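Just below is one structure, and these are the notes that go with it.
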Amino acid sequence: MFTHLRLHSEYSVTDGTCRIDDVVAKALADGQQALAITDINNLFAAIKFYSACRKAGIKPILGSEVTVSLGDAEPSSDISKVILLAKDESGYHNLSQILTQLWANPNGALQPSIGWTTLCELSKGLILLSGAQQGPIGQSFKAGNTHRAQALALDAAQVFKDRFYIELQRCGRPDDESYISNALELASKLQLPVVATHAIQYTEPGDFEAHEARVCIANGEILGNPKRLKRFTRQQYFLNQSEMLEMFLDIPSAVANSLEIATRCNLSLTLGKPQLPAFPTPVVNGVSKPVETYFKEVSHAGLENRLTHLYPDEAIRLSKHQSYIDRLDFEIETILKMGFPGYFLIVSDFINWAKNNGCPVGPGRGSGAGSLVAYALNITDLDPLQYNLLF
């Protein structure tokens with residue numbers, strides 16, 4: 001049968017109107033066993049989509065339509081779009097990193113993009129679809145540059161190896177068949193697989209006008225303008241499997257490969273539990289120090305530094321020292337039992353960075369304000385023993 005590998009939800013603010021629950025219900029009613037989401041340059045709907053698909057017994061495939069600049073380091077007019085699908089956990093992390101870099105370093109361009117070199121460096125665990133007419137290969141065909149299209153396809157195939165597919169679409173656009181003809185010829189010449197996709201922008205056929213209104217709002221246009229650029233067609237709704245099979249009856253391998261890709265994508269997310277990043281600890285003799293040990297060491301070192309400033313007189317400091325140590329050890333043991341040493345180290349890391357880089361930071365608030373550990377790690381600036389604060 002067939003699996004949809006392209007879908008813009010309402011989280012593709014500029015051109016998508018599909019609601020997650022609606023498209024998942026459509027897929028379930030059609031007996032589809034997997035479904036992908038590929039919002040423009042974001043994963044905003046990922047968790048909602050993942051949960052809804054799992055609840056419906058459908059395999060969720062997380063991906064994104066990513067804007068790529070072949071100009072890499074500088075803003076470039078050579079902008080195109082590709083589809084990246086997370087094959088596994090490493091692919092999900094790399095896709096997240098790609099999108100983070102894309103938005104964090106817009107390079108002054110009108111639309112943020114990721115350089116092709118950076119994308120290739122973060123290709124592990126990702127399946128690349130060529131982007132059809134909007135992709136770099138499709139754009140090269142449009143410009144009449146088949147040599148460049150071939151060079152780009154070879155480059156992608158070398159980097160992504162067996163994880164690169166040339167994308168085919170029939171959405172009622174004037175250039176669909178000419179593009180498909182060129183794409184099939186290139187795929188045959190280079191022995192590359194093709195895959196059929198459908199650019200879903202809205203859920204039902206009757207949603208087209210509402211979708212166009214949303215596009216106009218995003219672009220500052222009006223529906224009645226006869227000269228406005230019309231980028232979408234009435235065919236870009238959620239087609240069922242039978243409709244897709246009929247559409248690509250002449251290219252059965254393109255349909256079959258949609259299922260192959262769905263089979264290869266096996267991302268499993270753990271939801272409902274805190275997911276803290278692993279705090280990097282110093283390496284001793286080639287082995288990273290256990291986070292628990294490091295947490296104890298920096299807490300005690302931080303306390304000694306605090307006490308030196310609180311009580312410059314050594315005699316007074318020694319008289320109070322044990323009460324501080326007892327309180328600190330009690331807190332450390334409690335935090336270790338709760339499994340939160342990494343949390344305190346992470347918060348300490350960004351609070352201290354903020355203090356050292358001119359970012360305003362308060363003295364401390366909330367349940368952590370009474371913690372001596374937080375005081376020792378410079379998270380707060382309140383001595384809890386001085387004010388008889390509870391931990």
Worksheet item: Of the residues that make up the range 41-61, is at least one open to solvent by 10 Å² or more (accessible area, probe 1.4 Å), in contact (Cβ under 8 Å) with a residue 40 or more places away in the chain, touching a Leu at 6+ places or on another chain (Cβ under 9 Å) and hydroxyl-bearing (Ser, Thr, Tyr)?
Response: yes
Discussion item. Quick test for you: out of Leu85, Leu102, pick the one residue that is open to solvent by less than 40 Å² (accessible area, probe 1.4 Å), modelled with pLDDT under 95 and closer than 30 Å to Asp22 by Cα.
Written reply: Leu102
Worksheet item: Of all residues in the range 236-274, which are open to solvent by 20 Å² or more (accessible area, probe 1.4 Å), in a loop (DSSP other than H, G, I, E, B) and in contact with a Phe, Trp or Tyr (Cβ under 9 Å, 6 or more places away or on another chain)?
Response: Tyr237, Asn240, Leu269, Leu271, Pro274
Item to complete: Considering only the range 354-391, state which residues are modelled with pLDDT of 95 or more and of a type in the set (Phe, Trp, Tyr).
Response: Tyr375
Discussion item. Looking only at residues that are touching a residue at least 24 places away in the same chain (Cβ under 8 Å) and of a type in the set (Gly, Ala, Ser) in the range 275-300, which one is surrounded by the most Cβ atoms within 10 Å (Cβ to Cβ)?
Written reply: Ser299
Practice prompt. Specify which of the listed residues (Asp313, Asp329) is of a type outside the set (Gly, Ala, Ser), loosely packed, with under 13 Cβ neighbours inside 10 Å and free of Cβ contacts under 8 Å to residues at least 12 places away in the same chain.
Written response: Asp313
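Take Arg148 and decide whether it is basic (Lys, Arg), over 20 Å from the mean Cα position of the chain (by Cα), closer than 29 Å to Asn266 by Cα and surrounded by 15 or more Cβ atoms within 10 Å (Cβ to Cβ). I'd like the intermediate steps shown before the answer.
Working: basic (Lys, Arg): yes; over 20 Å from the mean Cα position of the chain (by Cα): yes; closer than 29 Å to Asn266 by Cα: no; surrounded by 15 or more Cβ atoms within 10 Å (Cβ to Cβ): yes.
So Arg148 does not fit the description; no.
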Discussion item. Yes or no: the range 122-142 includes at least one residue that is open to solvent by 10 Å² or more (accessible area, probe 1.4 Å) and without any contact (Cβ under 8 Å) to a residue 12 or more places away in the chain.
Written reply: no
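The values are calculated or read from the model by the stated rules, or taken from the named source; none is laboratory data. Remember, it's a predicted structure, so these values are computed and weren't measured experimentally. Here Cβ is always computed from backbone atoms with ideal geometry, including for glycine, and neighbour counts include all displayed protein chains. Each accessible area value is taken on the protein alone, full model and side chains, heavy atoms only, with ligands, DNA and RNA left out. Shrake-Rupley method; radii C 1.70, N 1.55, O 1.52, S 1.80 Å.
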